[in-house]
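Enquirer: Supplied in structure tokens, the structure appears directly below.
The values are calculated or read from the model by the stated rules, or taken from the named source; none is laboratory data. Here the structure is a predicted model, which is why all the values come from computation and not from measurement. Cβ: placed from backbone, ideal geometry, glycine included. Neighbour counts: every protein chain shown.
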Amino acid sequence: MNHTLTRMTLGLHLLALSSTLACGDKDDTGSGLPVAEAPEVAGNYQVTIGGTTGCEGEASWINDWATGPLIVEGTGGSLTFDFGDDYVFSGSIDSLGRYQFEGVITFQEAELEVKNEGQFELDPDFDGERYLVDGDFEVTVDDDEFEKNNCTITGPMQAVQLVGI
């Protein structure tokens, strides 16, 4: 009888848990699992660019406009990444902190097709909430100065959220 009562109690707990999960937001696949919200990453950031490769070693195609301040605004599927001087890109972030943005800008009379994707994560060494960003740029440059027009330059991006400003 003890085992029967234990199984019934366990069954009631599982039923209550499944009912609780069923009341939350669900994903589009119909799995019935609750959907986690994307992290709130809006804020001011300071960006650094690592070693770039491509485009005859001309790092300025990324470094000159992307290094420095970055303002991230919006939530979830509707983020903007604003590097200043009209270098603004539309993007999104998922519930795991993975982001992406892309767009076309004009820089030094060349057209740049910019793509970036990476990850927002909370800084484990900061006493409070502050995000760190690790991502990668891929920029296609359309400039007639190069022997091979439409070169591609890549480079890693790191950013830290500035808190208290």
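Enquirer: Being under 16 Å from Leu79 (Cα atoms) and of a type in the set (Lys, Arg) is the filter; apply it to the stretch 91-138 and report the residue that is farthest from the chain's Cα centre (by Cα).
Expert: It comes out as Lys115.
Enquirer: Here is a follow-up. Could you check, for the stretch 115-128, whether at least one of its residues is touching a Cys at 6+ places or on another chain (Cβ under 9 Å) and either free of Cβ contacts under 8 Å to residues at least 40 places away in the same chain or over 21 Å from Ile49 (Cβ atoms) (or both)? Steps first, please.
Expert: Of all residues in the stretch 115-128, those touching a Cys at 6+ places or on another chain (Cβ under 9 Å) come to none.
Scanning the stretch 115-128 turns up no residue that is touching a Cys at 6+ places or on another chain (Cβ under 9 Å) and either free of Cβ contacts under 8 Å to residues at least 40 places away in the same chain or over 21 Å from Ile49 (Cβ atoms) (or both).
Enquirer: Tell me which residues, restricted to the stretch 34-93, are free of Cβ contacts under 8 Å to residues at least 24 places away in the same chain and among the acidic types (Asp, Glu).
Expert: Result: Asp82, Asp85, Asp86.
Enquirer: Let me ask something additional. Step by step: first the residues of the stretch 33-53, then only those that are out of contact with any Leu (no Cβ under 9 Å at 6 or more places or on another chain), over 19 Å from Gln158 (Cβ atoms) and at pLDDT below 95, then the one that is surrounded by the fewest Cβ atoms within 10 Å (Cβ to Cβ). Which residue is that? Step through it out loud before you land on a result.
Expert: Of the stretch 33-53, the ones out of contact with any Leu (no Cβ under 9 Å at 6 or more places or on another chain) are 35, 37, 40, 48-53.
Narrowing the set further to residues that are over 19 Å from Gln158 (Cβ atoms) leaves 35, 37, 40.
Remaining after also requiring at pLDDT below 95: 35, 37.
Details: Val35: 13, Glu37: 9.
By that ranking, first place goes to Glu37.
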